[in-house]
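**Q** What follows is a structure written as structure tokens; I'll ask about it next.
The values are calculated or read from the model by the stated rules, or taken from the named source; none is laboratory data. Note that the coordinates shown come from a computational prediction; the quantities given were computed from them, not determined experimentally. Here the Cβ positions follow ideal geometry from the backbone for every residue, glycine too, while neighbour counts run over all protein chains shown.
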Amino acid sequence: MLPDTKEPPAENPAGGSPVPPATLNAASMVSMPAVPPIVTTVPPIVATIPPIVTTIPPIVATVPPIVTTIPPIVATVPPIVTTIPPIVATIPPIVAPAVRAQRFLRLVEGFFFLGIGQCAFGFAQVLVNELRLRSRDVRPSLGRHRPHREPCTKHGNDEERANEILEHEPPFLPGTCGRQAERQASPRAGRSHGSLAVSILRRHPRPPPFRLLPFPLAGRASLSVSSASMKKLLNAPSDLVKEALAGMALAHPDLLRVQFDPAFLVRADAPVRGKVSVLSGGGSGHEPLHGGFVGRGMLDAACPGAVFTSPTPDQILEATRAVDGGAGVVHVVKNYTGDVMNFEMAGELARDIGIATETVLVNDDVAVENSLYTAGRRGVGTTVLVEKICGAAAEAGRALADVAALGRRVNEHGRSMGLALTPCTVPHAGKPSFELGPDEIEVGIGIHGEPGRRRAKLEPADRLTEMLMEPILDDLPFRAGKDVLLFVNGLGGTPLLELYVVFRKAHELAAARGLRVVRSLVGPYITSLEMAGVSITLLQVDDEMVRYWDAPVHTAALRWGV
Amino acid sequence: MGREVLNGDAVVHWIERAAEVIGENEKYLTELDAAIGDSDHGANMARGFAAVRGKLAGQTRDDVGAILKTVGMTLLSTVGGASGPLYGTLFLEAAKVAAGKTEIDRATIQQSLSAGLAGIQKRGKAEPLDKTMVDALGPAIQAFEGAAGLSLAEALARAAEAARQGAEATIPLVARKGRASYLGERSAGHQDPGATSMWLLLRSLAEAAAE
């Protein structure tokens with residue numbers, strides 16, 4: 001980090017105010033079983049057999065007389081043979097025909113070409129293969145693994161046919177996209193799963209040298225990932241938000257007050273007479289956004305809705321009324337249909353009772369195409385920066401119109417994009433909002449567990465960082481020689497250790513475009529429950545923004561200069 | 001059976017029936033929403049209508065407009081998301097038309113629904129075929145208008161049937177409003193949850209009128 005970089009509170013040793021992870025934990029602390037990497041190694045194993053199978057038919061044709069000579073050979077290797085049956089028995093029928101055929105043919109092949117010794121070796125090899133299959137008997141079960149239904153970037157978008165196949169013709173390899181499935185499926189309508197297995201095997205080259213896996217496999221546990229029951233610290237889903245708010249009130253009495261029915265948080269000394277107030281709100285599940293930013297120098301009020309559900313007009317109206325110090329209230333609204341409409345109605349109601357309001361709409365997510373045919377870009381990471389800078393400007397005594405104009409300028413100069421490594425589970429729904437294979441990521445994710453723009457393979461952190469930074473840098477308004485604030489945000493389940501790895505690469509990429517990273521923020525500040533993943537926000541700053549960014553802030557989640 | 005006007009009791013009965021049906025279909029609505037939205041429509045609607053039921057218990061029934069206003073305000077403050085303001089607006093606009101009336105006749109019902117539709121379109125800026133609740137309510141109002149020769153109950157049944165067809169017709173559409181629009185082409189192939197809950201609401205109205 002640069003010398004003038006502000007330390008994020010997550011690593012800020014200054015006592016007094018708890019750091020953001022504490023806030024997050026209060027709302028949702030989650031332990032999902034990590035996906036063991038073992039499953040990712042399966043496809044190559046499946047691929048072990050094909051070359052042999054394909055080469056054999058001609059041989060088989062020539063062999064019949066020789067086959068008759070085999071029994072004595074079999075008799076010479078009794079110990080090996082006897083070990084096989086129980087193993088074979090454990091292999092589900094999907095694989096068994098392929099394996100049996102292969103074993104037989106390999107036996108013939110060995111005898112035919114290399115004589116008895118080779119044949120014995122062939123047996124040994126068969127046995128080894130059996131053991132490998134046995135040791136990875138996750139494979140047949142992967143037939144039940146639900147391949148993703150999203151369009152595959154590599155194989156195009158012919159979802160209908162592909163999904164039909166996925167629907168009716170399991171099993172496919174993990175991570176099989178619709179188009180691959182179609183190719184796997186098309187030539188063999190009506191064949192058994194056994195021949196399907198063969199046809200899949202045929203398409204794969206000979207694998208790298210054999211490595212024995214530990215047996216029995218810990219990887220079996222991974223099979224239950226998609227159906228794992230929700231594991232959260234909660235009493236009843238319907239009490240989650242209320243209880244978290246009560247916890248916040250008890251944890252930060254010096255910073256904020258909490259009110260129920262309707263629910264909102266206000267800074268401890270609200271309303272501040274003569275000061276413009278800044279209010280934000282949105283669904284819960286993004287903590288510390290917004291409640292963690294209530295305090296001096298940032299938000300005057302926050303309105304939490306149900307998880308991932310916007311707050312209601314009466315909540316926003318009551319909070320607006322509670323913080324209005326006579327100078328008006330700025331509403332910071334993330335661009336989602338529900339949020340926009342609820343804030344719009346609240347604004348109209350506030351006007352009716354004589355409170356001036358201005359709205360700053362945040363829509364910085366470059367993953368969403370901004371067109372007449374969508375609800376427009378979503379509001380994500382830049383929201384935190386708008387709230388900090390507007391809050392400081394209001395604290396400095398700026399007028400309502402000025403604070404709102406500054407907020408809009410920040411939004412115009414900020415761009416974000418995120419990716420998810422894992423989905424998240426809305427407590428009410430009880431299951432993940434989408435499924436990701438062990439080696440898949442969702443690129444262009446929002447903050448509501450909604451699927452992103454596309455699915456991709458997991459790659460090294462530097463490559464993933466490029467995947468996010470390139471669309472951000474290619475979007476307006478970044479120009480060489482300008483100063484930027486770089487914000488690397490955790491989506492809830494990703495440790496700081498990894499976020500700093502991303503920061504390092506993002507910093508390098510920004511510098512390569514001639515941008516000077518003059519301020520930074522690293523940590524989980526706008527999250528999506530327990531989702532593992534990261535979003536990057538780049539804000540092109542001017543002197544005024546930097547001045548207000550540096551201004552003192554004293555909230556549960558951000559604290560400096562006090 | 002059936003009647004040609006709806007009094008306060010009938011309107012309350014309609015809302016109670018709707019609360020029941022939406023409660024029964026909470027999971028279904030949430031599943032529809034999970035496919036193209038954020039899996040909260042069923043829970044939000046069920047929570048909202050349960051609250052409305054509680055509010056109506058203590059409501060006098062001599063002013064249909066007041067009843068509809070209570071429904072609208074309660075939905076507005078309990079549903080959240082996009083559905084809260086939209087269903088809230090539907091009932092608040094209808095309440096303005098029915099204000100001070102002890103019972104509403106055919107013409108008032110039609111005006112109320114039309115005012116509600118206009119309010120929803122103004123609030124949500126949705127056009128027909130954007131894959132929203134407008135695609136269920138719009139055809140329902142047209143069917144109701146076109147059923148002039150039928151009894152009120154039959155006309156409302158026609159309207160409910162048109163709403164069902166409208167909701168089903170959203171399946172192939174690509175969403176252009178709401179959270180589903182972020183999915184672009186991927187939103188096609190799924191029935192719109194908002195249009196579906198609108199159909200359930202109108203079906204309850206038809207049932208209430210038939211009793």
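**Q** Output the residues belonging to segment B:127-145 that are closer than 24 Å to B:Glu185 by Cβ and surrounded by fewer than 19 Cβ atoms within 10 Å (Cβ to Cβ).
**A** Taking segment B:127-145 and keeping what is closer than 24 Å to B:Glu185 by Cβ, we get B:127-136, B:138.
B:Glu127, B:Pro128, B:Leu129 - these are the residues of segment B:127-145 that are closer than 24 Å to B:Glu185 by Cβ and surrounded by fewer than 19 Cβ atoms within 10 Å (Cβ to Cβ).
**Q** Further question on the same structure: If you take the residues in segment A:477-498 that are hydrophobic (A, V, I, L, M, F, W, C) and under 22 Å from A:Val410 (Cβ atoms), which one is modelled with the lowest pLDDT?
**A** At the first step, the residues of segment A:477-498 found to be hydrophobic (A, V, I, L, M, F, W, C) are A:478, A:480, A:484-488, A:491, A:496-497.
Now drop any that are not under 22 Å from A:Val410 (Cβ atoms), which leaves A:478, A:480, A:484-488, A:491.
Working: A:Phe478: 83, A:Ala480: 90, A:Val484: 97, A:Leu485: 98, A:Leu486: 98, A:Phe487: 98, A:Val488: 98, A:Leu491: 97.
Checking each candidate, the answer is A:Phe478.
Yes/no matrix, rows are residues, columns are (1) part of a helix (DSSP H, G or I); (2) within 19 Å of B:Gly81 (Cβ to Cβ); (3) not charged (D, E, K, R):
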| residue | (1), (2), (3) |
| --- | --- |
| A:Gly295 | no, no, yes |
| A:Pro311 | no, yes, yes |
| A:Gly325 | no, no, yes |
| A:Ala350 | yes, no, yes |
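**Q** With respect to B:Ala51, is the statement that it is touching a helix residue (DSSP H, G or I) at 6+ places or on another chain (Cβ under 8 Å), more than 10 Å from chain A (Cβ to nearest Cβ) and closer than 19 Å to A:Val307 by Cα true? Before you say what the answer is, go through the steps one by one.
**A** Values: touching a helix residue (DSSP H, G or I) at 6+ places or on another chain (Cβ under 8 Å): yes; more than 10 Å from chain A (Cβ to nearest Cβ): yes; closer than 19 Å to A:Val307 by Cα: yes.
Criteria met by B:Ala51.
Conditions (1) under 27 Å from A:Pro432 (Cβ atoms); (2) of a type in the set (Lys, Arg), marked per residue:
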{"position": "A:Thr357", "(1), (2)": "no, no"}
{"position": "A:Val380", "(1), (2)": "yes, no"}
{"position": "A:Ala394", "(1), (2)": "no, no"}
{"position": "A:Val403", "(1), (2)": "no, no"}
{"position": "A:Arg409", "(1), (2)": "no, yes"}
{"position": "A:Gly418", "(1), (2)": "yes, no"}
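**Q** Could you say which residue among A:Gly326, A:Gly391, A:Gly376, A:Gly381 is among the small types (Gly, Ala, Ser), surrounded by fewer than 23 Cβ atoms within 10 Å (Cβ to Cβ) and either over 33 Å from the mean Cα position of the chain (by Cα) or farther than 24 Å from B:Gly119 by Cβ (or both)? Break it down stepwise before answering.
**A** Details: A:Gly391 fails: surrounded by fewer than 23 Cβ atoms within 10 Å (Cβ to Cβ); A:Gly376 fails: either over 33 Å from the mean Cα position of the chain (by Cα) or farther than 24 Å from B:Gly119 by Cβ (or both); A:Gly381 fails: surrounded by fewer than 23 Cβ atoms within 10 Å (Cβ to Cβ).
Being among the small types (Gly, Ala, Ser), surrounded by fewer than 23 Cβ atoms within 10 Å (Cβ to Cβ) and either over 33 Å from the mean Cα position of the chain (by Cα) or farther than 24 Å from B:Gly119 by Cβ (or both) holds for just one of A:Gly326, A:Gly391, A:Gly376, A:Gly381, which is A:Gly326.
**Q** In addition: For segment B:35-51, enumerate the residues that are crowded, with 24+ Cβ neighbours inside 10 Å and either modelled with pLDDT of 90 or more or assigned to a helix (DSSP H, G or I) (or both).
**A** Scanning segment B:35-51 gives B:Ile36, B:His41, B:Gly42, B:Ala43, B:Asn44, B:Met45, B:Gly48, B:Phe49.
Here is a yes/no grid of residues against (1) of a type outside the set (D, E, K, R); (2) over 13 Å from A:Gly295 (Cβ atoms):
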residue: A:Leu233; (1), (2): yes, yes
residue: A:Glu243; (1), (2): no, yes
residue: A:Ala251; (1), (2): yes, no
residue: A:Arg257; (1), (2): no, no
residue: A:Ala268; (1), (2): yes, no
residue: A:Val272; (1), (2): yes, no
residue: A:Val278; (1), (2): yes, no
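**Q** Right, A:Ala420: buried (at least 17 other Cβ atoms within 10 Å of the Cβ), without any contact (Cβ under 8 Å) to a residue 40 or more places away in the chain and closer than 25 Å to A:Gly282 by Cβ or not? Spell out how you get there, then give the answer.
**A** Numbers: buried (at least 17 other Cβ atoms within 10 Å of the Cβ): yes; without any contact (Cβ under 8 Å) to a residue 40 or more places away in the chain: no; closer than 25 Å to A:Gly282 by Cβ: yes.
No: the conditions fail for A:Ala420.
**Q** Applying the selection to segment A:432-462, what residues are within 11 Å of chain B (Cβ to nearest Cβ), free of Cβ contacts under 8 Å to residues at least 60 places away in the same chain and either hydroxyl-bearing (Ser, Thr, Tyr) or not in a loop (DSSP other than H, G, I, E, B) (or both)?
**A** The answer is A:Ser433, and nothing else.
**Q** Just the residues that are more than 14 Å from chain A (Cβ to nearest Cβ) and farther than 19 Å from B:Ala99 by Cα, please, taken from segment B:54-70.
**A** Hit for segment B:54-70 is B:Ala57, nothing else.
**Q** Let me ask something else. Within segment A:264-293, which residues are part of a strand (DSSP E or B), of a type outside the set (Phe, Trp, Tyr) and within 22 Å of B:Ala82 (Cβ to Cβ)? Break it down stepwise before answering.
**A** Of segment A:264-293, the ones part of a strand (DSSP E or B) are A:264-267, A:277-284.
Narrowing further to those that are of a type outside the set (Phe, Trp, Tyr): A:265-267, A:277-284.
Once the filter is applied, which keeps residues that are part of a strand (DSSP E or B), of a type outside the set (Phe, Trp, Tyr) and within 22 Å of B:Ala82 (Cβ to Cβ), segment A:264-293 yields A:Leu279, A:Ser280, A:Gly281, A:Gly282, A:Gly283, A:Ser284.
**Q** Being crowded, with 24+ Cβ neighbours inside 10 Å, under 17 Å from A:Val426 (Cα atoms), facing chain A (nearest Cβ under 10 Å) and polar (S, T, N, Q): is that true of B:Ser83 here? Please lay out each step first, then the result.
**A** Working: crowded, with 24+ Cβ neighbours inside 10 Å: yes; under 17 Å from A:Val426 (Cα atoms): no; facing chain A (nearest Cβ under 10 Å): yes; polar (S, T, N, Q): yes.
Criteria not met by B:Ser83.
**Q** Another one. Being of a type outside the set (S, T, N, Q), within 13 Å of chain A (Cβ to nearest Cβ) and under 16 Å from B:Ala159 (Cβ atoms) is true for just one of B:Met73, B:Met133. Which residue is that?
**A** On the way: B:Met73 fails: under 16 Å from B:Ala159 (Cβ atoms).
Result of the check over B:Met73, B:Met133: B:Met133.
**Q** While we're here: Restricting the search to segment B:156-185, which residues are without any contact (Cβ under 8 Å) to a residue 24 or more places away in the chain, within 9 Å of chain A (Cβ to nearest Cβ) and either surrounded by fewer than 23 Cβ atoms within 10 Å (Cβ to Cβ) or among the aliphatic types (A, V, I, L, M) (or both)?
**A** Result: B:Gly184, B:Glu185.
**Q** Still on this structure: Determine, yes or no, whether A:Gly376 is over 28 Å from A:Asp550 (Cα atoms) and part of a loop (DSSP other than H, G, I, E, B). I'd like the intermediate steps shown before the answer.
**A** Values: over 28 Å from A:Asp550 (Cα atoms): yes; part of a loop (DSSP other than H, G, I, E, B): yes.
Yes.
**Q** Restricting to segment B:186-211, and then to whatever is surrounded by fewer than 24 Cβ atoms within 10 Å (Cβ to Cβ) and of a type in the set (Asp, Glu), can you tell me which residue is nearest to the other protein chains (Cβ to nearest Cβ)?
**A** B:Glu207
**Q** Need the failing condition index for A:Phe434 against (1) more than 21 Å from the chain's Cα centre (by Cα); (2) under 18 Å from A:Ile447 (Cβ atoms), just the number.
**A** For A:Phe434, the exception is condition (1).
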